[in-house]
Amino acid sequence: MSEVRTRFSPSPTGALHLGGAHTALFNWLIARHYQGTFILRIEDTDQERSQEKFVTEILEAMTWLGLDWDEGPYRQMERLPLYQDYINRLLASGAAYYCNCPPQDAKARQAAMARGEKPKYDGRCRELNLPAGPGTAVRFKTRPTGVTHWDDQIKGPIAFDNQELDDLVLQRADGIPTYNFAVVVDDITMAVTHVIRGEDHIPNTPRQLLIYEALNVTPPLFAHMPLMLGKDRAKLSKRHGALPALAYREQGFLPPSMANYLARLGWSHGDQEIFSREELIEFFTLDHVTKSPGIFDEEKLLWLNSHYLKEMPAPELARELTPFLAAQGITEPDQDYLARVVPTLSARCKTLVEMAAAARFYFLDPRPYEEKAAKKFLTLGAVPMLKEIAARLDKLPDPSEEALNRLFTDLAQTTGQKMTNLAQPVRVALTAKTASPGLYEIIHILGREEALRRIQHAIEFAAQSGA
Ligand code: GLU
């Protein structure tokens, strides 16, 4: 096979949403699987709706997801002379013509589509041989008969009756190419071998194929990916995960969780669910992409994220968690300390946001105590025991987990108290809560001084509780 070249070609008219990230990932995986080239192309010909901030956001989202590109980002607006060159070729061969009809009113077009009609250009200027001039667009002379078909790499054979297609505008009167034309010129000149995109582009494909034919160029392979649906099989909406990809970063998801999740959406490899990046690259081909839509399932995404939080090496996880700690009032945390903290939390949290909240007590005074926890465990009756624990802890210069285990076991034996009755007040003292990572690891990480300070606070609080 010649070199595989795929492209992701977003329009910067909005942020990169999950659906776009899905398309980008599939293109990236195919390029990586075949050791080919992944191209990034910004389709910015819609000058009214394109915005630079969306370009920045799209690049940032792709970088976050680890979808590195080998070529680009190309921008269509920087390639206008190239499109002009191809327009000239089509005009010269008689496959395109000038048209001075007023541009179809977009609203009238939409209204017609809403009525279930397919608004079609009537071909008024087709045989007029109009010259170029202000206000003239260039239209494609669509072959009116026959069938245009292709063997879609995902959907199988697809055919369109040419009768259904009209003479589309290739270049508007302002000299800017339309989507269907610019895409063909780009895919030809970038030597794209696989066009992998959402199935919403299927109606564009016969138009593009006819342009390839008129240019006498063999088209690339086409693969139309099933769309992503919400849980109730409705189209993705804000309620159903149609969030910008970067919103998932804000919610505390890790890039490998997202990549793993999106890869499995509409693709499978046996019943394997968890894939390393290398495995995805090794196993991913279009043969096992499903024809039917993938259903977005946030629970599964959370499940994968829990997995990757547990898997990630501590120093790396510490780095990932750091920006999330700012919301807890913790800035520039010591990375070595944080790397000791994260393993105690990674099995208990599903997102970095949750983990940051759970990590707070390691850095800051945990008070105020949770009301229920204080009421139950920081009572007058708990004071003597807390004092005893403090006295014993004071004598442990290095409270290793083993030494702490001995301390509490001895205490349980001498006092006849149940272990939980000893541990819970201390846990509330240290964390302000009744649920936390293991007590010994917490004391070990906080260190003797800090643990003693917190137990002292709890003793004062309990002594005043009057209960
Ligand atoms: N720019 C198009 C979009 O954002 C993609 C076109 C294509 O992949 O051919 O939907």
Using alpha carbon coordinates only, what is the Rg to Rh ratio of segment 1-69, with Rh defined as the Kirkwood radius? 1.00
Have a look at segment 394-463 and give its Rg and Dmax from the Cα atoms, expressed in angstrom. 11.5, 30
Provide the percentage of antiparallel DSSP beta bridges, counting only those with both residues in the chain; round to the nearest 5. 50 percent
Within the P(r) computed for segment 231-389, what percentage of the Cα pairs occupies the region above 30 Å? 34 percent
Quote the charge dipole size of segment 172-260 about the Cα centre in Debye, to the nearest 20; the model charges only the Cβ of Lys and Arg (+1) and of Asp and Glu (-1). 460 debye
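Using Cα pairs under 8 angstrom and six or more residues apart, how large is the relative contact order of segment 86-130, in percent? Don't jump to the answer; show the numbers that get you there.
Values: 21 pairs, mean separation 21.6, N = 45.
The value is 48 percent.
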Just need the relative contact order of segment 115-203 here, percent rounded to a whole number, with Cα pairs under 8 Å and 6+ apart. 26 percent
Per-residue accessible area for F363 at 1.4 Å probe radius, Å² rounded to 10? 50 Å²
Principal axis extents for segment 359-402, Cα atoms only, whole Å, descending order, please. 32, 29, 16
Fraction of alpha-carbon pairs over 22 Å apart in segment 95-173 - percent: 38 percent
Rounded, prolate or oblate (a/c below 1.5 giving rounded, otherwise prolate when a/b exceeds b/c) for segment 310-369 by Cα gyration tensor: prolate
In whole Å, what are the Cα extents of segment 127-209 along the three principal axes, biggest one first? 43, 30, 20
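Relative contact order of the chain, please, whole-number percent, based on alpha carbon pairs below 8 angstrom and at least 6 residues apart.
12 percent
What is the ratio of the Cα radius of gyration of segment 1-156 to 2.2 N^0.38 Å, where N is its residue count, to two decimals?
Details: Rg = 19.3 Å, N = 156, 2.2 N^0.38 = 15.0 Å.
Cα-based Rg divided by the globular estimate yields 1.29.
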Tail beyond 17 Å, pair distance distribution of segment 350-433 (Cα, percent): 55 percent
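Quick one: net charge around T434, please, counting Lys, Arg +1 and Asp, Glu -1 for every other residue with C-beta under 10 Å from its C-beta. Show your work: numbers first, answer last.
Values: positive: K372, K376, R427, K433; negative: E370.
In short, +3.
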Between 0 and 90°, nearest 10: helix 335-345 axis offset from the chain longest Cα axis: 90 degrees
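Give, as a single signed number, the net charge of other residues whose beta carbon lies under 14 Å from the beta carbon of R139, with Lys and Arg counted +1 and Asp and Glu -1.
Working: positive: K120, R124, R126, K141, R143, R172, R207; negative: D122, E127, D166, D167.
For residues surrounding R139, the net value is +3.
Please go through segment 374-467 and write out the trypsin sites (Lys or Arg not before Pro) that DSSP classes as loop and that have at most 12 other C-beta atoms within 10 Å.
On the way: sites: K375, K376, K387, R392, K395, R406, K418, R427, K433, R448, R453, R454; in loops: K395, K418, K433.
When the trypsin sites (Lys or Arg not before Pro) of segment 374-467 are filtered for loop state and at most 12 Cβ neighbours within 10 Å, K395, K418 remain.
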Accessible solvent surface per residue of segment 139-244, calculated while the other protein chains remain in place, 1.4 angstrom probe, Å²: 42 Å²
Size descriptor, Kirkwood hydrodynamic radius, that averages inverse alpha-carbon separations across the chain, Å: 26.6 Å
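Kindly state, as a whole number, the per residue volume in cubic angstrom of the convex hull around the alpha carbon atoms of segment 199-290. Can you show the working numbers first?
Details: hull volume 13.4 nm³, N = 92.
Expressed per residue, the convex hull around the Cα atoms of segment 199-290 is 145 Å³.
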Can you tell me the Rg and Dmax of segment 22-105, counting just the alpha carbons, in angstroms? 17.2, 48
The whole-number value in µm²/s of the Stokes-Einstein translational diffusion coefficient for segment 316-467, with Rh from the Kirkwood sum over alpha carbon pairs at 10 °C and 1.306 mPa s, is 100 µm²/s
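Only helical DSSP H runs with n ≥ 4 go in: add -39500 (n - 2.57) per run for the chain, normalise by residue count and round the 222 nm mean residue ellipticity to 500 deg cm²/dmol.
Numbers: 19 runs with 219 residues, N = 467.
About -14500 deg cm²/dmol.
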With no solvent and one point on each alpha carbon, what is the Debye value of log10 I(q)/I(0) for segment 270-358 at q = 0.16, 0.20, 0.25 Å⁻¹? -0.74, -0.95, -1.25
Can you tell which of M419, A347, S436 lies farthest toward the positive end of the dipole of segment 329-467, using +1 and -1 charges on the Cβ of basic and acidic side chains (Lys, Arg; Asp, Glu)? M419
Quick one: angle between helix 80-93 and the longest Cα principal axis of the chain, in degrees between 0 and 90, rounded to 10, please. 30 degrees
Add +1 for every Lys or Arg and -1 for every Asp or Glu among the other residues with Cβ under 12 Å from the Cβ of L215, and state the total. -2
Isolated Cys in the chain by the 4.7 Å beta carbon test? C101, C349
Over all directions, what mean area does the Cα convex hull of segment 334-394 project, stated in square nanometres? 5.9 nm²
Enter the angle in degrees (range 0 to 90, nearest 10) between the Cα long axis of helix 352-363 and the first principal axis of the Cα atoms of the chain, meaning the one along which they spread out most. 30 degrees
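The values are calculated or read from the model by the stated rules, or taken from the named source; none is laboratory data. These figures come from a predicted structure and were not determined experimentally. When we count neighbours, we look across all protein chains shown, and the Cβ atoms used for this are built from the backbone with ideal geometry, even at glycine. Each accessible area value is taken on the protein alone, full model and side chains, heavy atoms only, with ligands, DNA and RNA left out. Shrake-Rupley method; radii C 1.70, N 1.55, O 1.52, S 1.80 Å.
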